[in-house]
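Presented below is the structure to which this report refers.
The values are calculated or read from the model by the stated rules, or taken from the named source; none is laboratory data. These figures come from a predicted structure and were not determined experimentally. Heads up, the Cβs are rebuilt from the backbone with ideal geometry, glycines too, and the neighbour counts pull from every protein chain shown. Protein only, heavy atoms only, side chains kept; ligands, DNA and RNA dropped before computing areas. Shrake-Rupley method; radii C 1.70, N 1.55, O 1.52, S 1.80 Å.
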Amino acid sequence: ELDVRLCRSGEVVVFHDERLERLTGATGRVADTSWGDLSRLEVRSGPRGAPPARVPLLSEVLEALPRTAFVNVELKSEDWNGTRVADAAGALLEAGRHDTHVVVSSFDPRCLLRLALAYPRLKRGLLLDPDRSQLVQRHVTLPLLGRDAVHPEASHLEEGDVRSWHASGREVAV
């Protein structure tokens, strides 16, 4: 799974957190930081003593992975403006012909809607949020926006769900 966000200058970067503090020691939001500044940051990762890493672009990570790898690109957004990551990631994935081995997922249905409208050929999956109504997510949002995959929390998963989702052609990732 690759968590991706849009930085201030418009590039799609692989970074889990909304803010930089925990992983880099820098201050601010990824969305408010340019790629030029992000590219110079060291990311705290790996075991103690491991060399520092840097914030990668989604395009760099995809180039490094074999086309046989199944990749889940998770769109992260905190607000409507943040959903622009769907347009940028969709363009990058379609241009790079990553439609066969990448599924794009999100907790945010607005991201999946933007992706579906602009890039209908890309595979989409809904991440089920345990803090939101399961009824609405499973019976309204998933059928509309999670066409290819569903990602439930293990604690909200039953065997019948998996059978039903597989029968409808969806991949299930926990």
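What to note about this one:
- Distance between the pseudo-spin-label points of Glu18 and Ser45 (7 Å out from Cα toward the beta carbon): 2.2 nm.
- Highest-fluctuation residue, His98, His16, His139 considered, GNM on the chain with Cα pairs under 10 Å: His139
- Accessible surface, per residue, of the chain when the full set of protein chains is kept, probe 1.4 Å, Å²: 53
- Where labels lie 7 Å past Cα in the beta-carbon direction, separation of Asp32 and Asp161 in nm: 3.6
- Summary value for the range 1-157: 18 percent relative contact order, contacts being C-alpha pairs under 8 angstrom separated by 6+ residues.
- Choice from Phe107, Phe15, Phe70 with maximal GNM fluctuation in the chain (Cα, 10 Å cutoff): Phe70
- The range 1-59, Cα convex hull volume normalised per residue, Å³: 80
- All C-alpha pair distances within the chain, sorted into 5 Å bins from zero, spread as 1, 8, 17, 20, 18, 15, 12, 6, 2, 0 percent across the bins.
- Extended-chain gain in nm, criterion 0.36 nm per residue less alpha-carbon gap, Ala69 and Ala154: 28.3 nm
- All-pairs alpha carbon distance profile, the range 94-165, 10 Å steps from 0, percent: 19, 52, 24, 5
- In nm, spacing of pseudo-spin labels at Ser168 and Arg54 (7 Å Cα→C-beta vector): 4.3
- Antiparallel %, DSSP beta bridges [both residues in the chain], to 5: 30
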